[in-house]
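Worksheet: one structure, shown below.
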Amino acid sequence: MGGYSADEKLRLQQLRVLRRRWLRDQELSEREPVLPPRRLGPVAAFWERFLQPGSLWRHQVFRLYRAGVFTVTRLLLPSWLALYYVKYHV
């Protein structure tokens, strides 16, 4: 049993040609119309600007998040554990 039959080879070759044609058609030429930019509502426009990389608000929210994580993990939890131990075990 060696290789493909003639029909299978023809079918594979036809599929290969169709795939290549499809991939070539995926590229936009200069003549093809490009969709106009979509109009965003006020809320969607705010989130679009807010979530852009490098925006000031994004940095501020990230810093606030990191400060909150630090406060909870390094200050509140250890102090709660120490208070619990002192209150109930000492």
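The values are calculated or read from the model by the stated rules, or taken from the named source; none is laboratory data. Treat the numbers as computed from the prediction; the structure is a model and nothing was measured. Don't worry about glycine lacking a Cβ; one is built from the backbone with ideal geometry, like all the others, and counts go over all protein chains shown.
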Which is exposed (fewer than 10 other Cβ atoms within 10 Å of the Cβ), over 30 Å from residue 39 (Cβ atoms) and either in contact with a Pro (Cβ under 9 Å, 6 or more places away or on another chain) or among the hydroxyl-bearing types (Ser, Thr, Tyr) (or both), of 65, 88?
88
Condition (residue is aliphatic (A, V, I, L, M) and at pLDDT below 90) applied to the range 75-87: is it met by at least one residue?
no
Any chance the range 20-40 includes a residue that's aliphatic (A, V, I, L, M) and touching a helix residue (DSSP H, G or I) at 6+ places or on another chain (Cβ under 9 Å)?
yes
Does residue 49 satisfy the criteria of being more than 23 Å from the chain's Cα centre (by Cα), outside any loop (DSSP other than H, G, I, E, B), surrounded by 10 or more Cβ atoms within 10 Å (Cβ to Cβ) and free of Cβ contacts under 8 Å to residues at least 24 places away in the same chain?
no
Would you tally the residues in the range 12-43 being assigned to a loop (DSSP other than H, G, I, E, B) and surrounded by fewer than 10 Cβ atoms within 10 Å (Cβ to Cβ)?
15
